[in-house]
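Report on the structure given below.
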Amino acid sequence: EIPSLFKKLLNMGSLESNFDELQNILAPFLSFTHVLGTEIQADVIVLGTNQPGAVLYSKHVKKGAIVLDISVPPNASEDLINREDITYIKGGIAALPGTGGREQVLNSVILPFGPGECFACMAETFGLAFANIKGKRFTGDLTSKSVMEITRIIEQQGFSLGRKKTERSL
């Protein structure tokens, strides 16, 4: 069933051109919602908006759910963040590339990094800068093609996924 799912996704063309078709293909595996009225029955909820405040509250999330909030500022309410019966992950941490067997460190009073860590968004910026790509811009619409291309570039620069971030960013 999974190989046929990938074939369907590859044959779609551009993901952003037909969100309804994407929802139909992924329906057996994922549920999409943009209306928050009652409890969401999802095991995993990913928040990623440009809203300046909370859009997801404790009343929306079932017991035992995992909430990944990649929004800056966060989109989860304080009452949700403080719930002990869910797993709340605040953004992504990337692993910095090593240099000559030595671990790099970003020291800052306001950034909660351990040795060899940075925010995932910083890894993208650093990796693209280190790649020194001339005449190409990675701005505008977020597409699967651009995400895959940037992933390839930053992996070539030595960045990788890091740990699960649970502390506050600021």
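Structure above, values below:
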| read-out | value |
| --- | --- |
| Additional length obtainable on full extension of the chain from residue 106 to residue 146, 0.36 nm per residue less Cα span | 11.7 nm |
| Accessible area, probe 1.4 Å, largest first, for residues 43, 79 | 43, 79 |
| Under Karplus coefficients 6.51, -1.76 and 1.60, residue-wise ³J(HN,Hα) of the stretch 88-94 in Hz, glycine/proline x | 10, 10, 9, x, x, 10, 10 |
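The values are calculated or read from the model by the stated rules, or taken from the named source; none is laboratory data. Note that the structure is predicted; figures quoted are calculated from it, not measured. Heavy atoms of the whole protein, side chains included, go into the accessibility calculation; ligands, DNA and RNA do not. Shrake-Rupley method; radii C 1.70, N 1.55, O 1.52, S 1.80 Å.
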